[in-house]
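Asker: Sharing a structure below in C-alpha cells format, with a few things to ask.
The values are calculated or read from the model by the stated rules, or taken from the named source; none is laboratory data. Please read all numbers here as calculations on a predicted model, not as lab measurements. Using ideal geometry, Cβ is built from the backbone for each residue, glycine included, and neighbour counts are taken over all protein chains shown. The area values use the complete protein model at the heavy-atom level, side chains included, leaving out ligands, DNA and RNA. Shrake-Rupley method; radii C 1.70, N 1.55, O 1.52, S 1.80 Å.
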2 protein chains.
Amino acid sequence: MSNSTPATIEDVARIANVSIATVSRAIHMPEKVANSTRLKVNQAIAITGYTTNAMARSLRLGRSNMILVVAPDIGDPNFSNILIGLENEARSHGYGILIGHTQNDAQRGLEYLKFLNSNQAAGLILFTGILPFGHQTMTARLPPSVGVFEPVFNGGIPYVGVDDIAGARKAIDLLITEGHRKIAFVGDSRTRLAYSRRRMGYEAGLDAAGIGQDLRIVLEGDGTIESGRLAVEQLFMRDTLPTAFMCVNDQTAIGVMIGLKARGYDIPEDFSVTGFDDVPQAVFMTPSLTTIRQPRTAIGKHAMALLLELLSDGEPAETEILLRPDLIVRNSVGAPPRSRR
Amino acid sequence: MSNSTPATIEDVARIANVSIATVSRAIHMPEKVANSTRLKVNQAIAITGYTTNAMARSLRLGRSNMILVVAPDIGDPNFSNILIGLENEARSHGYGILIGHTQNDAQRGLEYLKFLNSNQAAGLILFTGILPFGHQTMTARLPPSVGVFEPVFNGGIPYVGVDDIAGARKAIDLLITEGHRKIAFVGDSRTRLAYSRRRMGYEAGLDAAGIGQDLRIVLEGDGTIESGRLAVEQLFMRDTLPTAFMCVNDQTAIGVMIGLKARGYDIPEDFSVTGFDDVPQAVFMTPSLTTIRQPRTAIGKHAMALLLELLSDGEPAETEILLRPDLIVRNSVGAPPRSRR
DNA sequence: ACAGGTTATGTAAAGGTTTACAGAGCATGG
DNA sequence: CCATGCTCTGTAAACCTTTACATAACCTGT
C-alpha cells in the first residue's frame, strides 16, 4: 500500500485501465468524464493512495496554489493573529500558505525570490515596508502581491493596514481629556511609515487642543522594549518632565513602564502611559496597558481577500484598505498628579 | 530586461551560443566546463537575469533544497528563537526554510503532507508530539524528519528537546532550599509529554527532600495563562494553601501571578512562583519571573544539524538529544512567610 | 601517423503533470 | 443511408531541468 515511491498518475491509469489524460480529467474536470470511468479512476486512486504531484502540476500550469507570506520577524506579537486571518481566508479559496522568515536579511529574501520565480507560489503577502529582495528588487518579476501594515515602497502594490493617524489621535485625545498637557511621544522613527503616521496623530491631537510646540517632547526609539526604557533614562537628564508618555507601540510602552518603575514611580499616579497595537501581554502588565487595538484577524482577512481578487481579476477593487483601530482603556492612564499639573 | 516571462535555461543557452546542458553544467559543476565557455554563460545569465527554476529542478532531481517546518502555533513565544537556530544552520548548508502553520488542524496538516509528497521539501521539522496529518499519517511517506521538544509518536523519528526532568528538578530544589515545604505543581497534563516530565521532576525533588505525598498538590492546566489563573481560583476553595507554585511553563506562571495579585497577595512575600521556558516577557513581569531557561537557539541548531545528517548519511548519530536547561533566578521566589512556614 | 586517453560539448530522455487536437462511437434528423 | 454533432477518450507536446551517453577535438607517447 505505502510503497517507497509515491504513486504517479500513470499507476492510477494502468489500474483503472484508462489513459493518464482521463485520470487527470477525472480529477480536475469530473464532468467531462463518463460516470463509469470516473468510478474506476476513483477506485484506482484509493488503491494506490495517489495524490497529485503538486510540483509537476505547477510546473505545467505555471502557477501553484500556495501563497507565500514573507515577514521580517515571526516573533512579532502582531504577527500570529494576522496570520490566522490570512490562513482562514486563503484556505476557504483553496490556497495554502507558506511562511518565509527574512530576519531583515536581503540574502534570505533572495531565497524566497527564487521560490517565487519558480512559480512555487501564486501570490505574495509582504509584511515589510520594503521589498526584501535586495537590489534584485527592481528587476524582480513578482506575482500578485499585497502589503500588510504599510505600503510597499516599490509601488503599485496594494496594502491593508490600520488607520494609524486616527488611532494615535484616540490615544492623545484620551490623555488630553484626562488633563495632561505635557505629553511625550516615544518612538519616533523615520524607518517605519506606520510610526511616523502615529506621530502625525500625536501632533494633530495637540494642535487641536491648542497645546503649543513648547510643551512637546519627541523621543527617538525603534519600537523595542529596550528603546522605551532608554528613552525614559534620557528624559530624566532633562529639565522638565512630561506627565504622560504616548508610545509608538506596546513594546515601547512596556519599556517606558519598566524605566519608570525602576525609578520608583507609580503608574498611573505619577505618569500615564499609552501604547499601540494591543499585543497579548498588554493586558497582563501591572498596571494593565491602555492602548490602541489593531484588528489583526481582520487585517489578515482583508489582505488575503485583496490578493485573491488580484489572482482572479487582475485588478483589485481598492488599492489601500485602512481599518479602524479601537481604544482599549485599561489602567495605565490617569489624571496627572496635582503637583505637576 | 525584466520581461513578463522569466528567462529559461534555453534563453541563456541561445545567447551564450552553447547547449542547455552546458549552461546547466556551468552553473552546477563549473569545473567541468572550459573557462571561456563559463564566462560566456555567466554573461548570458547576467543579461537575461536568469535564475534556475527550482521547481523544474526539484522535479527532475526528485528532491528540493527546502526544508519544511511544521508548527501548531506560530505565536508560541518559544517558537521564534528556535526557528532562528534552525534557519541559520540550514542556511549554512544551502537549504532554505519554509514554515507551515497547522493550528492543530488535521486538514491543514494534509496540505503540507501533499507538499511533502510532491518532493517540494527535502526534510521536515516537526513541532508537535504527533504527526499532524490525520489518519493519512500511517501510510504517509515522509521525508527525513526530526522532532523538536518531544518525541514524535509515530516512532522512528529522532528529536531534540530539553531535559525537562532535570530542569524541573532545578526549580523544585530552589524552592525547597528557600524553605518551602508545601509546593503546588500547576499545569499537569496528559497530552504533552514535556509537561508530564516536568511533573516527574517535581515529584523527584520532593521525594529527595523527604517531603511526603500529603504536602503535595497537583493542579490541572493546559499551559495557558488563563489556566494558571483558574488554578489559583480553584485552590482558594480548598482548606490548606501551599507557599509556592511551581508552574509547568511561564504562561501558567504568569496566570498564577495574575490570580494571586488579584487577590491582593504580594510575590514573593506571600507566595513564591517559578515558571519554565524563560519566554521573553518573563523578565518584564513584576516581579520578574524566576524560571528555567530553554536554550532555544541551540535546540534549533541541533535539530537542523540532525536533519542534515539524516539527509546526507541516512542515519543520525543519535536518536535523541536532550539539552541542559538553566535556572534563571529572578525575583518571584523568596522564603515562605513565617506565619505559614 | 596512430592508438589511447582526456577534456569539452551536444543530444535526448526523463521527471509527473495538463491540455490541444484528433479520433472513435453513437445518436439524431433528414 | 448519410451528414452532422455530441460525448468520451487517447496521443503527444509542453512546462524546465539534469545527466547518461555519444561525439568531437585535442594531446601524449610511440
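Asker: Can you tell which of B:308, B:260 is in contact with a His (Cβ under 7 Å, 6 or more places away or on another chain), assigned to a helix (DSSP H, G or I) and open to solvent by less than 60 Å² (accessible area, probe 1.4 Å)?
Answerer: Selected residue: B:308, the only one of B:308, B:260 that is in contact with a His (Cβ under 7 Å, 6 or more places away or on another chain), assigned to a helix (DSSP H, G or I) and open to solvent by less than 60 Å² (accessible area, probe 1.4 Å).
Asker: Another question, if that's okay. For the stretch A:210-228, give me each residue that is open to solvent by 40 Å² or more (accessible area, probe 1.4 Å) and over 22 Å from residue A:289 (Cα atoms).
Answerer: A:210, A:213, A:214, A:215
Asker: Here is a further query. Quick check on my filter: what residues within the stretch A:54-76 are open to solvent by 10 Å² or more (accessible area, probe 1.4 Å), within 16 Å of DNA strand D (Cβ to nearest atom) and of a type in the set (A, V, I, L, M, F, W, C)?
Answerer: If the condition is that a residue be open to solvent by 10 Å² or more (accessible area, probe 1.4 Å), within 16 Å of DNA strand D (Cβ to nearest atom) and of a type in the set (A, V, I, L, M, F, W, C), then A:54, A:56, A:59, A:61 are the ones that fit.
Asker: Identify, please: which residue in the stretch A:88-111 is open to solvent by 10 Å² or more (accessible area, probe 1.4 Å) and in a helix (DSSP H, G or I) and is, among those, nearest to the other protein chains (Cβ to nearest Cβ)?
Answerer: So, considering only residues that are open to solvent by 10 Å² or more (accessible area, probe 1.4 Å) and in a helix (DSSP H, G or I), the one nearest to the other protein chains (Cβ to nearest Cβ) is A:111.
Asker: Additional query: Considering each residue of the stretch A:56-78, count those that are touching a residue at least 40 places away in the same chain (Cβ under 8 Å), facing chain B (nearest Cβ under 7 Å) and not small (Gly, Ala, Ser), and give that number.
Answerer: Adding up the residues that qualify gives 1.
Asker: Considering the stretch A:41-53 alone, what residues qualify as being within 12 Å of chain B (Cβ to nearest Cβ), crowded, with 17+ Cβ neighbours inside 10 Å and part of a helix (DSSP H, G or I)?
Answerer: Residue satisfying the conditions is A:48 alone.
Asker: Let me ask something else. Could you check how many residues of the stretch A:137-175 are modelled with pLDDT under 90, within 14 Å of chain B (Cβ to nearest Cβ) and in a loop (DSSP other than H, G, I, E, B)?
Answerer: 5
Asker: Moving to a separate point now. Restricting the search to the stretch A:263-287, which residues are open to solvent by less than 20 Å² (accessible area, probe 1.4 Å) and in contact with a Gly (Cβ under 7 Å, 6 or more places away or on another chain)?
Answerer: A:272, A:276, A:282
Asker: Follow-up question, since we're still on this one. So is residue A:21 aliphatic (A, V, I, L, M), at pLDDT below 95 and near DNA strand C (Cβ under 8 Å from one of its atoms) or not?
Answerer: no
Asker: Of the residues in the stretch B:114-128, how many are assigned to a loop (DSSP other than H, G, I, E, B), within 14 Å of chain A (Cβ to nearest Cβ) and touching a residue at least 40 places away in the same chain (Cβ under 8 Å)?
Answerer: So the answer is 5.
Asker: Could we say that residue B:80 is near DNA strand D (Cβ under 9 Å from one of its atoms) and either open to solvent by less than 50 Å² (accessible area, probe 1.4 Å) or closer than 30 Å to residue B:303 by Cα (or both) here?
Answerer: So residue B:80 does not fit the description; no.
Asker: Among the residues of the stretch B:1-14, how many are within 13 Å of another protein chain (Cβ to nearest Cβ) and more than 12 Å from DNA strand C (Cβ to nearest atom)?
Answerer: So the answer is 7.
Asker: Is one or more of the residues making up the stretch B:147-164 more than 30 Å from residue B:313 (Cα to Cα), surrounded by 19 or more Cβ atoms within 10 Å (Cβ to Cβ) and not hydrophobic (A, V, I, L, M, F, W, C)?
Answerer: No.
Yes/no per residue for (1) within 15 Å of DNA strand C (Cβ to nearest atom); (2) in the same structural domain as residue B:86 (by TED's automatic domain parsing); (3) more than 30 Å from residue B:149 (Cα to Cα); (4) modelled with pLDDT under 95:
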position	(1), (2), (3), (4)
B:27	yes, no, yes, no
B:31	yes, no, yes, yes
B:38	yes, no, yes, no
B:43	yes, no, yes, no
B:66	no, yes, no, yes
B:69	no, yes, no, no
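Asker: To continue, here is another question. Name the residue that is surrounded by the fewest Cβ atoms within 10 Å (Cβ to Cβ), counting only residues in the stretch A:165-179 that are closer than 21 Å to residue A:296 by Cβ and free of Cβ contacts under 8 Å to residues at least 40 places away in the same chain.
Answerer: The residue in question is A:165.
Asker: Residues of the stretch A:15-31 being more than 7 Å from DNA strand D (Cβ to nearest atom), surrounded by 15 or more Cβ atoms within 10 Å (Cβ to Cβ) and away from chain B (no Cβ under 14 Å), which ones?
Answerer: Hits for the stretch A:15-31 are A:15, A:16, A:23, A:24, A:26.
Asker: Of all residues being of a type in the set (Val, Ile, Thr) and in contact with a Ser or Thr (Cβ under 8 Å, 6 or more places away or on another chain) in the stretch B:227-278, which is nearest to residue B:183 (Cα to Cα)? Just the residue, please.
Answerer: If we take residues in the stretch B:227-278 being of a type in the set (Val, Ile, Thr) and in contact with a Ser or Thr (Cβ under 8 Å, 6 or more places away or on another chain), then B:243 is nearest to residue B:183 (Cα to Cα).
Asker: Among the residues of the stretch B:258-296 satisfying the criterion of being within 13 Å of another protein chain (Cβ to nearest Cβ) and touching a Pro at 6+ places or on another chain (Cβ under 8 Å), which is modelled with the highest pLDDT?
Answerer: So, considering only residues that are within 13 Å of another protein chain (Cβ to nearest Cβ) and touching a Pro at 6+ places or on another chain (Cβ under 8 Å), the one modelled with the highest pLDDT is B:267.
Asker: Among B:182, B:114, which is the only one that is open to solvent by 10 Å² or more (accessible area, probe 1.4 Å) and modelled with pLDDT of 95 or more?
Answerer: On inspection, the qualifying residue turns out to be B:182.
Asker: Kindly list, by first and then second residue, each pair from a residue in the stretch B:274-299 that is in contact (Cβ under 8 Å) with a residue 60 or more places away in the chain to a residue that is open to solvent by 40 Å² or more (accessible area, probe 1.4 Å) and of a type in the set (A, V, I, L, M), limited to pairs with Cβ atoms under 7 Å and residues at least 6 apart or on different chains.
Answerer: Short answer, once both residue conditions are applied: B:290/B:329; B:292/B:327; B:297/B:84.
Asker: If you don't mind, another one. Any residue at all in the stretch A:62-81 that is over 30 Å from residue B:94 (Cα atoms) and part of a helix (DSSP H, G or I)?
Answerer: yes
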